[in-house]
Amino acid sequence: MKVKDIAKLANVSPATVSLVLNNKPGVSDDTRKKIYEILDKHGYSPTIVPKTEQLQGSIRFLKYKKHGLVVDQNGGFIASVIDGVDNEARKLGYSLVMTTLSPDNCNEVLQIVKNDCRDGIILLGTELNNQDLVFLNDINVPIVIVDNYFEFEEYDCVVMNNVDAVFKAVQYLVELGYKDIGYFHSSFVINNFAAREEGYKKALKLLGIEYKRENVFHLTPTLEGAYRDMQKILQTGAVLPSAVFSDNDTIAVGAIKALKEHGIKIPEQLSIIGFDDIPFCLMADPPLTTMRIFKEKIGALAVRRLIDKIKNNDTNIIKIQIGAELIIRGSTCKAR
C-alpha cells in the first residue's frame, strides 16, 4: 500500500498520513488511532529513517498481538514504549521498520521477517507466553523482547519490575492506614499480570495483611470490559474491601465508572491505585493514583541492548527490570 491508498481509506489527506507515519504532531488522537487501525489491518510496515548523515543499520520493531485486549486497549502505554524505541534508534543512526504480527497474518509476516530480518529485532512481547516463543526459532538475528520477562528462556528482555512496583503500591495503601486491601485482577492472563499477582501476595505477607480470596475481583482488561464486569459484581451484592490495587489503569478507570454509578464514593469509601500511568489517568474522575512506569526508557534501553548485541556479537543473555514511581492523585485517601 502507498500513502495515498491509506489516506483514501481513512478519508484524510496524504499529508495527514505522513504526519502519523513519522510520529509528528498536528493530528487528532481519533484520526491517529483510525490511521493506525488501517495500517494494522492491511499489514503496512512503515520505515522510519533517522535524520543522520550516515545510516548505521536497520532494526525491525515487531508488534505482537495475540488477542489485542492489552496491546490495543492500553495504547498510551504501548505508544510510549514505541516512542522510546524510535527516538533512541534515530539518535544512534538506525532506521526502524514497524511490523504487526498476529494469529491472522502470522505465517505471511514471519516469512517476510525471515527473508528480511534487518540487523536485529525488538519484539513487543506484552501478549506473548512461553509457548509462543517457538516462532522465533528460525530467526537468526539478535532479538530483544520488551514488556515481558521470560524466566528460563534464552532471550534478552527489558521490562518493568512488576513485583517491586506492586509492593510499593500496597505499601502506600498500608501507610494510609488500610488493613483490608483487595485486588482488581485481569481475567486475561499475561506474564506481567501474573507477576503483579505474585507481587500483591508477597506484599500482603511481608506487610502483615491477611490475603482474602474474596477480595480478588477478576475484570476484563479493557475500559468497557472492566466497567461491565464491575457492574455484574456489584449486582451480586459483593462486599468490597476499603482499598484495592488494580492490575492496570485501564481496569481501574473502567471499574471506577461502575462503582460511582452504584453510589460508591472514590476515595472516601474505596481507595484505588492503578499501574502504568497512562494519559487517561488525569482525565479520570477522580484522577487516578498509580505506579508510573518509565515506558520510553524501556524502549530506549531495548535499542541500546540490541545494538550492543549487533555490534559486538554479544551472546550473553541480559534481562533488565526497571523500577516504578508512585504518583499520588485523587483516587486514594487516608483510611477512615
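The values are calculated or read from the model by the stated rules, or taken from the named source; none is laboratory data. Fair warning: this is a prediction, and the values are worked out from it, not measured in the lab. Cβ sites come from the backbone with ideal geometry, for glycine too, and all protein chains shown count toward neighbours.
Checking each residue in the stretch 118-140 for being touching a helix residue (DSSP H, G or I) at 6+ places or on another chain (Cβ under 9 Å) and free of Cβ contacts under 8 Å to residues at least 40 places away in the same chain picks out N130, F135, D138, I139, N140.
Taking the criterion of being among the aliphatic types (A, V, I, L, M) and modelled with pLDDT of 90 or more, the residues of the stretch 97-129 that qualify are I121, I122, L123, L124, L128. In the set R213, R196, only one residue is in the same structural domain as A284 (by TED's automatic domain parsing) and surrounded by fewer than 21 Cβ atoms within 10 Å (Cβ to Cβ); that residue is R213. Restricting attention to the stretch 310-329, the residues that are of a type in the set (K, R) and at pLDDT below 95 add up to 1.
So, I112, is that one out of contact with any Cys (no Cβ under 8 Å at 6 or more places or on another chain), more than 15 Å from G125 (Cβ to Cβ), among the β-branched types (V, I, T) and assigned by TED's automatic domain parsing to the domain that holds G299 or not?
yes
Applying the criterion of at least 2 residues that are farther than 27 Å from R196 by Cβ to the strands (runs of 3 or more DSSP E) found wholly in the stretch 57-137 leaves 57-64, 94-101.
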